[in-house]
There are 2 protein chains.
Amino acid sequence: MPDDDESPRPRGAYAKGIARRQEILDRAIEVFAARGADRTSLRAIAREVGVTHAALTHYFGSLEELLVAVYEESNAPTHRHEIVADDATPVERMIASARTNREVPGLVQLYSTLVATALDDGHPVAREFATARFADVRARLAETVREQQERGRLRQDADPDAVAALVVAASDGLQTQWLLDDAAPQHEALALLDRLLRPAD
Amino acid sequence: MPDDDESPRPRGAYAKGIARRQEILDRAIEVFAARGADRTSLRAIAREVGVTHAALTHYFGSLEELLVAVYEESNAPTHRHEIVADDATPVERMIASARTNREVPGLVQLYSTLVATALDDGHPVAREFATARFADVRARLAETVREQQERGRLRQDADPDAVAALVVAASDGLQTQWLLDDAAPQHEALALLDRLLRPAD
């Protein structure tokens, strides 16, 4: 493809801006993975990332927007290396995800902070992010449930949307319990849910 | 009982201090039930509760300790009026609890904030509270599971500790999803889990 084509590929100052934003974002992901998101400010983050406060504000607006960008980027395929079989059950998918999360406790804490922030009034960016993220994960999982019910991998007497909401909730909740106390039976409880959702013998 | 006995009943200045602490706590519960816990400071809370910052610090130490005290007090029997049948299943108990929680969204948000804070390093009070609270709820629920398995109310091929962890996680997670989006099938998912945990026909 020639350099002067009319494709929407960014170039010049715009391309540099995008590259710079990405650089800052990658560095911010490292910072958050190591330290978590709590009790912080945009100014403190800028110092740790190694950019000016003005640059961070220019590229990300507010702390809330930066946290959302860091979370979304850290969940992009380039940053996650989960290998999940095509016929993995919904719970097996969550188990793979939980395994990856254990390597980045700071990002799990960032996610918990975003959700807690979203529950409070006056945080529209966090609320929109969390609401859309749950709706999206539930919808994708419900689709997997429907397919696997048709193929006899999951019991057919359960509503796919209810199964999806239940699996997401169990996965999030068990991850929290395990992070606080590794005696919490996270694996056992997820394995139990997986078994309960399969067709009765 | 005479007033001058040697029982540990508080009296004099000590009794007044306890009563004053309780007054402040009751007022703080009202404030949090209405507003949530996020983006706040001990100073802002003192203003809303109507006491001095010094008084609040005297009685509660830090913001984290105040949040824990408010949460624990708001979950004491005097503040909760759940009617739960003795033979209610673990999930039915969580449903009764969720129904009460809907009346006090600010306290649910306070709970989410405490848990998110607990996940971050450097917050020993919140961490100790959240870890102990989960362990306690799981232990009590596992005991209920054992009893109901013996009486044939719950399926017997599931580990009681795993059931308890699963029910707590599902309940917490579904409450979060529902608070963000009342289209989330909270009731349907809890009813499904309840059914899955009962003995197969």
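The values are calculated or read from the model by the stated rules, or taken from the named source; none is laboratory data. On a predicted model such as this, the values are computed, not experimentally measured, just so you know. Positions of Cβ are backbone-derived with ideal geometry, glycine not excepted, and every protein chain shown enters the neighbour counts. Just the protein is used for accessible areas: all its heavy atoms, side chains included, with ligands, DNA and RNA removed. Shrake-Rupley method; radii C 1.70, N 1.55, O 1.52, S 1.80 Å.
Within the group A:Ala46, A:Ala69, A:Ala54, which residue is in the same structural domain as A:Glu30 (by TED's automatic domain parsing) and open to solvent by 50 Å² or more (accessible area, probe 1.4 Å)?
On the way: A:Ala46 fails: open to solvent by 50 Å² or more (accessible area, probe 1.4 Å); A:Ala69 fails: open to solvent by 50 Å² or more (accessible area, probe 1.4 Å).
Result: A:Ala54 is the single residue among A:Ala46, A:Ala69, A:Ala54 that is in the same structural domain as A:Glu30 (by TED's automatic domain parsing) and open to solvent by 50 Å² or more (accessible area, probe 1.4 Å).
Let me confirm something: among A:Asp38, A:Asp5, which residue is at pLDDT below 85, under 25 Å from A:Arg127 (Cβ atoms) and part of a loop (DSSP other than H, G, I, E, B)? Before you say what the answer is, go through the steps one by one.
Working: A:Asp5 fails: under 25 Å from A:Arg127 (Cβ atoms).
That would be A:Asp38, the only listed residue that is at pLDDT below 85, under 25 Å from A:Arg127 (Cβ atoms) and part of a loop (DSSP other than H, G, I, E, B).
Can you find even one residue in the stretch A:156-164 that is open to solvent by less than 10 Å² (accessible area, probe 1.4 Å), more than 18 Å from B:Ser112 (Cα to Cα) and in a loop (DSSP other than H, G, I, E, B)? I'd like the intermediate steps shown before the answer.
So the first thing to find is which residues in the stretch A:156-164 are open to solvent by less than 10 Å² (accessible area, probe 1.4 Å), and the list is A:158, A:162-164.
Now drop any that are not more than 18 Å from B:Ser112 (Cα to Cα), which leaves A:158, A:162-164.
Keeping just the survivors that are in a loop (DSSP other than H, G, I, E, B) gives A:158.
Looking for residues that are open to solvent by less than 10 Å² (accessible area, probe 1.4 Å), more than 18 Å from B:Ser112 (Cα to Cα) and in a loop (DSSP other than H, G, I, E, B), one finds at least one in the stretch A:156-164, hence yes.
Residue under question is B:Asp121, and the condition is that it be of a type in the set (Asp, Glu) and either at the interface with chain A (Cβ under 9 Å from one of its Cβ atoms) or farther than 29 Å from B:Phe60 by Cα (or both); does it hold? Walk me through how you get there before you give the answer.
Working: of a type in the set (Asp, Glu): yes; either at the interface with chain A (Cβ under 9 Å from one of its Cβ atoms) or farther than 29 Å from B:Phe60 by Cα (or both): yes.
So B:Asp121 fits the description; yes.
Any residue in the stretch B:172-201 that's without any contact (Cβ under 8 Å) to a residue 24 or more places away in the chain and within 8 Å of chain A (Cβ to nearest Cβ): show its pairings with residues that are open to solvent by less than 20 Å² (accessible area, probe 1.4 Å) and part of a loop (DSSP other than H, G, I, E, B) at Cβ separation under 6 Å, as long as the two are six or more apart or on different chains.
Within 6 Å, the pairs are B:Gln177/B:Ala184; B:Leu192/A:Ala158.
With more than 10 Å from chain B (Cβ to nearest Cβ) and closer than 26 Å to A:Glu73 by Cβ as the only criterion, which of A:Arg140, A:Arg133 stands out? Walk me through it before giving the result.
Numbers: A:Arg133 fails: more than 10 Å from chain B (Cβ to nearest Cβ).
Checking each option against the conditions leaves just A:Arg140.
Which one is surrounded by the fewest Cβ atoms within 10 Å (Cβ to Cβ), of the residues in the stretch A:178-201 that are outside any loop (DSSP other than H, G, I, E, B) and at pLDDT below 95? Spell out how you get there, then give the answer.
Filtering the stretch A:178-201 down to residues outside any loop (DSSP other than H, G, I, E, B) leaves A:178-180, A:186-197.
Right, trim to at pLDDT below 95 and you get A:178-180, A:186-187.
Values: A:Trp178: 22, A:Leu179: 22, A:Leu180: 21, A:Gln186: 26, A:His187: 13.
Looking at the filtered set, the residue picked out is A:His187.
Out of A:Ser41, A:Ser74, A:Ser112, I need the residue that is away from chain B (no Cβ under 11 Å), of a type in the set (S, T, N, Q) and surrounded by 22 or more Cβ atoms within 10 Å (Cβ to Cβ). Which one? Reasoning before the result, please.
Details: A:Ser41 fails: surrounded by 22 or more Cβ atoms within 10 Å (Cβ to Cβ); A:Ser112 fails: away from chain B (no Cβ under 11 Å).
Of the residues listed, the single one that is away from chain B (no Cβ under 11 Å), of a type in the set (S, T, N, Q) and surrounded by 22 or more Cβ atoms within 10 Å (Cβ to Cβ) is A:Ser74.
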